[in-house]
1. Given the structure, is A10 under 10 Å from the mean Cα position of the chain (by Cα), more than 14 Å from T59 (Cβ to Cβ) and in contact (Cβ under 8 Å) with a residue 12 or more places away in the chain?
2. Could you go through region 23-41 and let me know if any residue there is within 18 Å of M1 (Cα to Cα), modelled with pLDDT under 80, surrounded by fewer than 10 Cβ atoms within 10 Å (Cβ to Cβ) and not aliphatic (A, V, I, L, M).
3. Look at D5 and say whether it is surrounded by 12 or more Cβ atoms within 10 Å (Cβ to Cβ) and modelled with pLDDT under 85.
4. Could you give me the residue pairs with C-beta distances under 6 Å whose first residue belongs to region 15-42 and is part of a helix (DSSP H, G or I), whose second residue is at pLDDT 95 or above and surrounded by fewer than 16 Cβ atoms within 10 Å (Cβ to Cβ) wherever it lies, and which are 6+ apart or on separate chains?
Amino acid sequence: MTVSDFWHQAFLAALHRVPAERAREEADLAVSTAIEHWQTTHNGGMQAVWTPLAKLDITDIRRQSDS
């Protein structure tokens, strides 16, 4: 599932419960939470080839460490 697909699914799920602006916020939070989860549980390096963020699989997002 790409980041874009994940965000859209989260947005539509939230849209059934809350107004659109709040659904956007919840979708953004869901993406951030999923990325953080995969950062801590999924091994692997940064992707060597530049790919637009929205087209990456949600499990392939890597954030730089704070060190």
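1. Against the criterion (under 10 Å from the mean Cα position of the chain (by Cα), more than 14 Å from T59 (Cβ to Cβ) and in contact (Cβ under 8 Å) with a residue 12 or more places away in the chain), A10 qualifies.
2. Yes, region 23-41 contains at least one residue that is within 18 Å of M1 (Cα to Cα), modelled with pLDDT under 80, surrounded by fewer than 10 Cβ atoms within 10 Å (Cβ to Cβ) and not aliphatic (A, V, I, L, M).
3. No; evaluated as a whole, the condition is false for this residue.
4. A23/L15
Let's see how each residue does on (1) at pLDDT 90 or above; (2) surrounded by 12 or more Cβ atoms within 10 Å (Cβ to Cβ):
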{"site": "L12", "(1), (2)": "yes, no"}
{"site": "L15", "(1), (2)": "yes, yes"}
{"site": "N43", "(1), (2)": "no, no"}
{"site": "A48", "(1), (2)": "no, no"}
{"site": "I58", "(1), (2)": "no, yes"}
{"site": "R63", "(1), (2)": "no, no"}
{"site": "D66", "(1), (2)": "no, no"}
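The values are calculated or read from the model by the stated rules, or taken from the named source; none is laboratory data. In this text the structure is predicted, and so the values were computed from the model without any measurement. Note: ideal-geometry Cβ built from the backbone for every residue, glycine included; neighbour counts use all protein chains shown.
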